[in-house]
Amino acid sequence: MKNRKRVVVKVGTKVITSGDRALDIERVKGLVSQIASIRDKGIDVILITSGAIGAGLWLLGMKKRPEDLAMLQASAAIGQNHLMHLYSEFFKNFKTNVGQILLTQEDFNDRTRYLNIKHTIEALLEHGAVPIINENDTVATEEIRCGDNDRLSSLVADLCGAYKLILLTDVDGLLGADGKVINFVSEITHDIAKLGGKSQSELGTGGMATKLEAARAVTRAGIECVIANGKKKDVLPRILLEGGGFEGTTFKCGAGRYLARKRWIAFSSTTKGEISVDDGARSALKDKNKSLLASGILCINGYFKPGDAVKITDKNGKEFAKGLSNYSSWDLAKIKGMRTSSFKSVLGREGRDEVIHKDNLVLL
Ligand code: GLU
């Protein structure tokens, strides 16, 4: 178990639905057998699947994607069931159980929930099951949504320590200005990001732009990313067992990985507010690896509680770090610019020296 590698594979709606929006049963079956062959070679797969809304709309006989959120959520509730049934039936052919996990951004923001997801995935893999994950569309309103499954899969790849994230879509990879696939990207520069455009599909929510965002997030966390065509036969074994490279677009990963806790702060938690600091504090954080003290704080924006993640910006509003605040925004508004010795008279109690401890702070 210990020597097994781990990949996260994300399948987009366009890969597993056919023209009439029904789930493409043969494609799902093919995907399952590809995953089974990879698992046989010692690589565990965590599958992120879209398709619930599309399948639900098809089952309900709806020709157009409705605007109404409740209707979309109802479609997801119906479609998710159908989707899982197919996966579970096809994995039975390989005597493999599947475990459904439905997540929202909120589950990643809360460290305890985050660790629970991690432990559940570990336990599923340990028992030879394939975790199958989707956004919990029936409860996910705008504020708590991951947004799209590209982002969700980048969060999961980081959480479970995958060495690779594969985003399967209906194009051959990232296309250059000449319309040809770019096989290898060493850095997502401004020009590369521009190639992502703003494409959006009608049934899924992502597009090349969200895939590039996901690639950017995971490569920074030390995980390689591949965008490839999920409609191609045996695309997964080709990428994973035959060296890949020639299949789709591979994004090279950055050198190091943060420690697990810092990775969670950097990539998974969403910020609830902003702390703007003066030049002295900026240089203490950036150049001297120090904690943030109240004396260097210029102003506070947003409402946050102790333990929430916040952006740290310089005096020009440029974000350069992110961290977990030991104080609420209300308390910080009172103690900003002060030394710890004055906290008691203002807050009515003693307080910690550090507003953000260096262990809970990541430079961006
Ligand atoms: N969770 C949505 C679904 O299952 C898809 C979201 C996406 O395509 O990114 O239909």
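The values are calculated or read from the model by the stated rules, or taken from the named source; none is laboratory data. These figures come from a predicted structure and were not determined experimentally. All Cβ positions, glycine included, derive from the backbone under ideal geometry; neighbour counts span all protein chains shown. Keep in mind that these areas ignore ligands, DNA and RNA; they rest on the heavy atoms of the full protein, side chains included. Shrake-Rupley method; radii C 1.70, N 1.55, O 1.52, S 1.80 Å.
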Per residue accessible area in Å² of region 43-189, where ligands, DNA and RNA are left out and the probe is 1.4 Å | 43 Å²
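Please grab the % of Cα pairs in region 64-199 that end up more than 20 Å from each other.
Of all Cα-Cα distances in region 64-199, 60 percent exceed 20 Å.
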Extreme residue, positive dipole direction of the chain, given options 124, 9, 324 (C-beta unit charges) = 324
Above-threshold pairs, the threshold being 25 Å between Cα atoms, out of 10/118; 211/233; 41/262; 5/194; 29/64 | 41/262; 5/194; 29/64
Cβ charges +1 (Lys, Arg) and -1 (Asp, Glu), total dipole of the chain, debye | 840 debye
Taking every DSSP beta bridge that has both residues in region 271-317, what percent is antiparallel when rounded to the nearest 5?
-> 55 percent
Where only protein heavy atoms count, and the probe is 1.4 Å, what is the accessible area per residue for region 208-247 in Å²?
-> 37 Å²
Using DSSP loop states and a limit of at most 13 other Cβ atoms within 10 Å to flag GluC sites (Glu not before Pro), what is the longest stretch of the chain containing no flagged site?
-> 68-186
Could you please put 114, 303 in sequence from largest to smallest accessible area, using a 1.4 Å probe?
-> 303, 114
Residue 71 - accessible surface, heavy atoms, 1.4 Å probe, Å² rounded to 10 = 60 Å²
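Between the DSSP loop rule and a limit of at most 16 other Cβ atoms within 10 Å, which trypsin sites (Lys or Arg not before Pro) in region 276-314 are left?
The qualifying sites are 290.
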Leaving ligands, DNA and RNA out of it, report the carbon-plus-sulfur percent of the accessible area of the chain at a 1.4 Å probe.
-> 50 percent
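May I ask what percent, to the nearest 5, of DSSP beta bridges between residues of the chain are antiparallel?
Taking every DSSP beta bridge within the chain, about 40 percent pair in antiparallel fashion.
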